[in-house]
């Protein structure tokens, strides 16, 4: 991008702005694992490929450790993940806090209040407090970019990793961002041989522990003076402490209130908090998810109002805060009511896409009375009717490990564990190894659609391409399974109904553990139809409903006899194979 005398300004999402901030901050190493709402950070950082090396790592722990090592060697790095990904990376996070860094390191974590695309809600500020490291909370795209740069400065000044906490709204909302030039890293690259500095065995780790507390005190003072924190004095009778996206909502609902906006929110800027609260008639604390600030402010001996009026579950919004304000003032909430037609609209539950290869697997499993342990991905949608073939989901990789747990608990039914291809590489291999080592007998199915599909079709170790677009070794799931000790390994085409049903039936009858790899590319990734579009011949159809059991959005069952929407059909042919009356044919045959 050309940088003239007049600074370039663009409308960017928060994720795009964070990627730009990484470039401007002189970051040279970026790693992560895709997870909504954080995915687009690395997808935009790779656009600066001449300046930043980017990679999708197999999981967040690997990405974190890779970026941490780069920073310990003097490089500036960023690692990206969603909130549940930080759980996976928590082990190295806690120890890196002790070791510290040389080059700046930003840990960008995107929380998902409201659970738009996640299995839980988490507040990453708890991890910052737990690990005793700084956290920054931008409230718009400009700050998202700027806080990466401030974070790098703080990281290098105090030799600490820092967290940048985004949320769904920050990551995906857009605002104007002013560009600046790149700040190159002056540090030479190379890990210094200094075991007392980098090896946290107890004799040296105890000294590191003391330094962490000393660093916290220094960082608290730095936070009080940081440009990321500011007081906006207006009506001094009502004062609000807030951070992140909640600032935008608070400013709109209480335009006349004085606000302490915390962008560098931990360690707590106690001096600034006391200064702001001094003489206040009413102090509100507005924060999304956990009441971390409120608890701390009360611990300082300062009276404030928070969780009693502002919810800690789900996303905040202008409407939510307007309702909270009405309750605070003892008034009736007169917000916008939902249009009447909304109550009349039919429910639209999420479903597998037309042509999805996972549908063949769930359809085949529906013929057996088995327990299915699932995982995080598109295939989670196999839970819903009419497929109804997912019984429990915990976390990534859990589809395999939980199958073994049910087996060893004495579950009477046969057990099938399902994971995706990217999830298998992320955290499924160790679970498979555990089944072999501890003599389990579960059937594990890897639904391999050749990408990390649910987050936008990113590459992974099995696709043969890196994030940088370079060809690489495509790791074989089958060979890994055999290396783990699985003797019964099969590869199937899930669009072939008879073969899929035969292999699944065969492995459920076996007393040994098995691995089935269901391989077919996601049609949305391939951007092409699977085969010829199907149609239902009305005179042959007996309205038996067999095709409707697939739950395909292209098949309309609202009339006396089902019909196939030719604009939605991807030509997978599953319905044709399922029809007992041969009433479904492809359009090429019927027109020839």
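Bear in mind these aren't lab numbers, they're just calculated from the coordinates by the rules spelled out. Treat the numbers as computed from the prediction; the structure is a model and nothing was measured. Cβ sites come from the backbone with ideal geometry, for glycine too, and all protein chains shown count toward neighbours.
Could you tell me what percent of the DSSP beta bridges with both partners in the chain are antiparallel, to the nearest 5?
Working: 18 of 73 bridges.
Antiparallel: roughly 25 percent of the beta bridges in the chain.
Taking every pair of alpha-carbon atoms in the range 45-151, give the share separated by more than 16 Å as a whole percent.
Details: 3459 of 5671 pairs.
Above the 16 Å cut-off, the range 45-151 has 61 percent of its Cα pairs.
For the range 138-276, state the average projected area of the convex hull of the C-alpha atoms over all orientations, rounded to one decimal in nm². Please list the in-between numbers first.
Details: hull surface 43.8 nm².
Spelled out: convex hull of the Cα atoms, projected over all directions, averaged, 10.9 nm².
Going by alpha carbons, how many degrees (0 to 90, nearest 10) lie between the helix axis of 398-409 and the longest principal axis of the chain?
Between helix and principal axis, roughly 70 degrees.
How big is the convex hull of the Cα atoms of the range 325-431, per residue, in Å³? If you can, show how the numbers build up before the last one.
On the way: hull volume 22.0 nm³, N = 107.
Here the figure is 206 Å³ per residue.
Take residue 50 and residue 298, extend 7 Å from each Cα along the Cα→Cβ direction, and tell me the distance between the two endpoints in nm.
So the label points at residue 50 and residue 298 sit 5.5 nm apart.
Test of understanding: what is the full-extension gain from residue 179 to residue 274, defined as 0.36 nm times their sequence separation minus their Cα-Cα distance?
Working: separation 95, 0.36 × 95 = 34.20 nm, distance 3.48 nm.
Net length gain for the segment: 30.7 nm.
Tell me whether the range 229-328 comes out rounded, prolate or oblate; compute the Cα gyration tensor, take square roots of the eigenvalues as a ≥ b ≥ c, and use a/c under 1.5 as the rounded threshold. Write out the running numbers ahead of the final one.
On the way: a/c = 1.44, a/b = 1.23, b/c = 1.17.
It comes out rounded by the Cα gyration axes.
Which order do the peptides 243-249, 468-474 come out in when sorted by mean C-beta neighbours inside 10 angstrom, highest first? Before the final figure, lay out each step's value.
On the way: 243-249: 25.6, 468-474: 10.4.
Sorting 243-249, 468-474 by mean packing, highest first, produces 243-249, 468-474.
Just subtract the alpha-carbon distance of residue 187 and residue 126 from 0.36 nm times their residue separation and send over the number in nm, one decimal.
Values: separation 61, 0.36 × 61 = 21.96 nm, distance 3.17 nm.
Full-extension gain reported as 18.8 nm.
For P(r) over Cα pairs in 10 Å bins from 0, in percent, several values are listed as (i) 3, 16, 26, 27, 19, 7, 2, 0, 0; (ii) 3, 15, 22, 22, 19, 12, 5, 1, 0; (iii) 3, 17, 25, 24, 17, 9, 3, 1, 0; flag the one computed from this structure.
Read-out taken from this structure: (ii).
Using alpha carbon coordinates only, what is the Rg to Rh ratio of the range 1-67, with Rh defined as the Kirkwood radius?
Numbers: Rg = 12.8 Å, Rh = 12.6 Å.
My calculation puts Rg/Rh at 1.01.
What does the extension gain come out to for residue 218 and residue 367, with contour length at 0.36 nm per residue minus their alpha carbon separation?
Working: separation 149, 0.36 × 149 = 53.64 nm, distance 6.35 nm.
Gain on extension, residue 218 to residue 367, equals 47.3 nm.
Please report, in whole Å³, the volume per residue of the convex hull around the C-alpha atoms of the range 534-591. Each step should come with its number before you reach the end.
Details: hull volume 4.5 nm³, N = 58.
So the per-residue hull volume is 78 Å³.
Given a cut-off of under 8 Å on Cα pairs at least six residues apart, what relative contact order in percent is computed for the chain? Spell out each step's value before the answer.
On the way: 1257 pairs, mean separation 63.5, N = 592.
The value is 11 percent.
Given 4 °C and 1.567 mPa s, how large is the Stokes-Einstein diffusion coefficient of the range 358-526 in µm²/s, with Rh as the Kirkwood radius over Cα pairs?
It comes out at roughly 82 µm²/s.
Please find the FRET efficiency linking residue 157 to residue 588, where r is the Cβ-Cβ separation and R0 is fixed at 56 Å, and quote it to the nearest 0.05. Could you put the intermediate results ahead of the total?
Values: r = 67 Å, r/R0 = 1.20.
Efficiency, rounded to the nearest 0.05: 0.25.
Okay, helix-only estimate at 222 nm for the chain: each DSSP H run of n ≥ 4 adds -39500 (n - 2.57), divide by all residues, round to 500 deg cm²/dmol; what do you get? Can you show the working numbers first?
Numbers: 22 runs with 204 residues, N = 592.
It lands at -10000 deg cm²/dmol.
Looking only at the range 119-163, which residues have a backbone nitrogen under 12 Å from a spot 7 Å from the Cα of residue 232 in the C-beta direction?
139-140
Set the Förster distance to 41 Å, then compute FRET efficiency between residue 318 and residue 510 from the Cβ-Cβ distance, nearest 0.05. Walk me through the intermediate numbers first.
Numbers: r = 58 Å, r/R0 = 1.41.
E between residue 318 and residue 510, to the nearest 0.05, is 0.10.
Based on the mean of other beta carbon atoms within 10 Å per residue, what is the order of 350-362, 139-151, most packed first?
Most protected by this proxy first, the peptides run 139-151, 350-362.
What order, most packed first, do the peptides 224-231, 193-200 have when packing is the mean number of other Cβ atoms within 10 Å of each residue? All intermediate terms of the calculation are to be shown ahead of the outcome.
Details: 224-231: 15.8, 193-200: 12.5.
Per-residue mean Cβ counts within 10 Å order the peptides as 224-231, 193-200.
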